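The values are calculated or read from the model by the stated rules, or taken from the named source; none is laboratory data. What you are looking at is a predicted structure, and each value in this text was computed from that prediction instead of being measured. All Cβ positions, even for glycine, are placed from backbone atoms using ideal geometry, and neighbour counts span all protein chains on display. Side chains are part of the model used for accessible areas, which takes the heavy atoms of the whole protein and leaves out ligands, DNA and RNA. Shrake-Rupley method; radii C 1.70, N 1.55, O 1.52, S 1.80 Å.
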Amino acid sequence: MPRVYKSIKEKLANPKIIHLIGTNAKGTTGRFLASALYKRGFSVGHYTSPHILEFNERVWLDGSDASDEVLQEAHTKLQNILKKEDSDALSYFEYTTLLASIVFSSCEYVVMEAGLGGEHDATAVFDKFLTLVTPIAYDHQAFLGESIKEIATTKLRAIQNSAILATQSSEVYSVAKDLALKNSLDIRKYQEYLDTEDEQKIQIIAQELKLASYLVDNLSLSIAALKFLGIKYATDDFNGARLFGRLSRLDDNIIVDVGHNPLAAQAIKEALSPKKYVLVYNSYKDKDHEQILKILKPILNSVELIDINDNRAQTFEVLKRTLNELEIKYTKFKRVDKDTSYLVFGSFSVVEAFIKSYKEWKNEI
């Protein structure tokens with residue numbers, strides 16, 4: 001990706017890029033920020049991943065997902081400036097990252113969310129005006145490292161100049177401090193940018209949007225970014241900024257969340273406790289499903305295992321063994337019961353599979 005990007009860099013626009021790295025909360029933090037910038041009158045792009053139902057969800061431009069026509073036009077332009085061998089060499093995520101940069105060519109600001117990495121991520125090749133670091137925790141260890149220190153180092157090495165940190169563990173703060181000294185970086189905690197007026201506004205926004213505590217943290221990080229940029233904001237700039245799939249209510253009795261690691265599970269438990277739910281669940285083989293289920297157990301009545309069409313999915317046999325060990329009742333998911341409260345959680349694939357099944361069920365009644 002760096003070589004290919006370098007070969008076409010002069011043909012791409014150069015907006016102010018705000019890079020989002022971290023383990024959780026990148027999507028919602030990015031959407032809060034992009035929405036506020038758009039409400040303030042700027043042309044803004046937000047690149048996020050993965051998508052739930054349609055690819056267009058990844059490329060948000062000035063208030064809405066990019067249309068098929070806009071994406072097709074960008075694809076044609078990108079093919080015209082890429083050598084065929086370079087186009088063929090790019091991964092799916094690398095190509096879509098460049099595609100998004102074409103869509104955002106007229107933007108003043110681009111909020112660009114990293115995939116699973118940091119310094120080696122496709123999004124890291126661009127010149128960044130600012131980096132936002134959402135909470136860093138264990139995830140994708142095979143790619144990022146086996147310890148928080150290794151994971152944080154890999155992610156934080158993507159910082160070029162300035163960065164704002166969400167609340168982190170002491171290990172992450174230590175890595176950030178070392179990198180700041182070594183590379184002359186300006187890395188600060190988000191609290192350093194917020195004053196009493198900001199805190200009051202955050203509480204008003206949180207009440208109006210009925211935000212869970214972890215979403216309030218994401219909102220606070222986005223507002224710290226606005227303060228860094230010197231951009232004034234109003235409380236209603238965040239109306240409609242919620243990103244679907246992040247503690248979203250699909251129906252009166254159904255909550256969906258695309259989280260897929262212990263940190264996300266802990267945030268969900270704190271947000272939904274003490275109410276009890278039936279968990280619709282599946283997991284990828286590289287995820288710590290045992291720890292996730294252990295964290296969620298206090299808010300579960302039972303678990304319903306749902307099929308996902310992905311060869312990375314954990315087998316039902318392994319999941320059932322874990323559920324038996326944790327003494328959690330389980331069945332296979334078949335259909336929605338309108339009198340049951342559901343929490344759909346486990347990954348984008350789980351939410352996608354559930355929504356497709358749910359739509360079929362709704363069409364039947």
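Key figures
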{"quantity": "Label-point separation in nm, Lys329 to Arg40, each point 7 Å along Cα→Cβ", "calculated": "5.1 nm"}
{"quantity": "Heavy-atom accessible area ranking, 1.4 Å probe, most first, across Met1, Met112", "calculated": "Met1, Met112"}
{"quantity": "Surface per residue (accessible, 1.4 Å probe) for region 1-135, Å²", "calculated": "41 Å²"}
{"quantity": "Within a Gaussian network of the chain (alpha carbon springs, distance under 10 Å), most fluctuating of Ala36, Ala212, Ala158", "calculated": "Ala212"}
{"quantity": "Alpha carbon convex hull of region 1-130, projected area averaged over orientations, nm²", "calculated": "7.4 nm²"}
{"quantity": "Model label zone, Ala271; criterion: amide N under 18 Å from point 7 Å along Cα-to-beta-carbon; scope region 1-41", "calculated": "22-35"}
{"quantity": "Exposed-loop-free span, longest in the chain, where trypsin sites (Lys or Arg not before Pro) count as exposed if DSSP calls them loop and at most 15 other C-beta atoms lie within 10 Å", "calculated": "84-209"}
{"quantity": "Nearby lysines by direct alpha-carbon distance to Lys182 (threshold 20 angstrom, same-chain neighbours under 8 apart not counted)", "calculated": "Lys128, Lys149, Lys155"}
{"quantity": "Cα→Cβ-extended label distance, 7 Å offset, between Glu360 and Thr315, nm", "calculated": "2.5 nm"}
{"quantity": "Within a Gaussian network of the chain (alpha carbon springs, distance under 10 Å), most fluctuating of Thr315, Thr97, Thr153", "calculated": "Thr315"}
{"quantity": "In Hz, Karplus ³J(HN,Hα) per residue of region 305-310 (6.51, -1.76, 1.60; θ = phi - 60°; x = Gly, Pro)", "calculated": "7, 10, 6, 10, 7, 7"}
{"quantity": "³J(HN,Hα) computed for each position of region 200-210 - Karplus, 6.51 cos²θ - 1.76 cosθ + 1.60, integer Hz, glycine/proline x", "calculated": "5, 5, 4, 5, 5, 4, 4, 5, 5, 8, 6"}
{"quantity": "Percent carbon-and-sulfur accessible area, the chain, ignoring ligands, DNA and RNA, probe 1.4 Å", "calculated": "47 percent"}
{"quantity": "Label-point gap, in nm, between Lys338 and Asp236 - each point 7 angstrom along Cα→Cβ", "calculated": "3.6 nm"}
{"quantity": "Rounded to whole Å, sorted largest first: equivalent-ellipsoid semi-axes of region 40-115, Cα gyration tensor", "calculated": "21, 14, 12"}
{"quantity": "Rounded to 5, percent antiparallel among DSSP beta bridges of region 1-144", "calculated": "30 percent"}
{"quantity": "Heavy-atom surface of region 249-296, accessible at 1.4 Å and reported per residue (Å²)", "calculated": "40 Å²"}
{"quantity": "Whole-Hz ³J(HN,Hα) from phi, Karplus 6.51 cos²θ - 1.76 cosθ + 1.60, for region 338-348, glycine and proline x", "calculated": "5, 9, 10, 8, 10, 10, 9, 8, x, 3, 4"}
{"quantity": "Residue of Asp86, Asp337, Asp127 that the Gaussian network model of the chain assigns the largest fluctuation, springs spanning Cα pairs under 10 Å", "calculated": "Asp337"}
{"quantity": "Partners for Lys275 among aspartates and glutamates (Cα-Cα distance below 15 Å; same-chain residues under 8 apart left out)", "calculated": "Asp252, Asp339"}
{"quantity": "Region 56-183: relative contact order in percent, alpha carbon pairs under 8 Å with at least 6 residues between", "calculated": "19 percent"}
{"quantity": "Share antiparallel - DSSP beta bridges, the chain, percent rounded to 5", "calculated": "20 percent"}
{"quantity": "For the chain: relative contact order, % (alpha-carbon pairs under 8 angstrom, 6 or more apart)", "calculated": "17 percent"}
{"quantity": "Global geometry of region 214-270, whether rounded, prolate or oblate, following the gyration tensor of its Cα atoms and the 1.5 cut on a/c", "calculated": "oblate"}
{"quantity": "Rounded to 10°, Cα long-axis angle of helix 316-325 versus longest principal axis of the chain", "calculated": "70 degrees"}
{"quantity": "With Cα atoms, 0 to 90° folded angle of helix 26-39 axis to the chain main axis", "calculated": "50 degrees"}
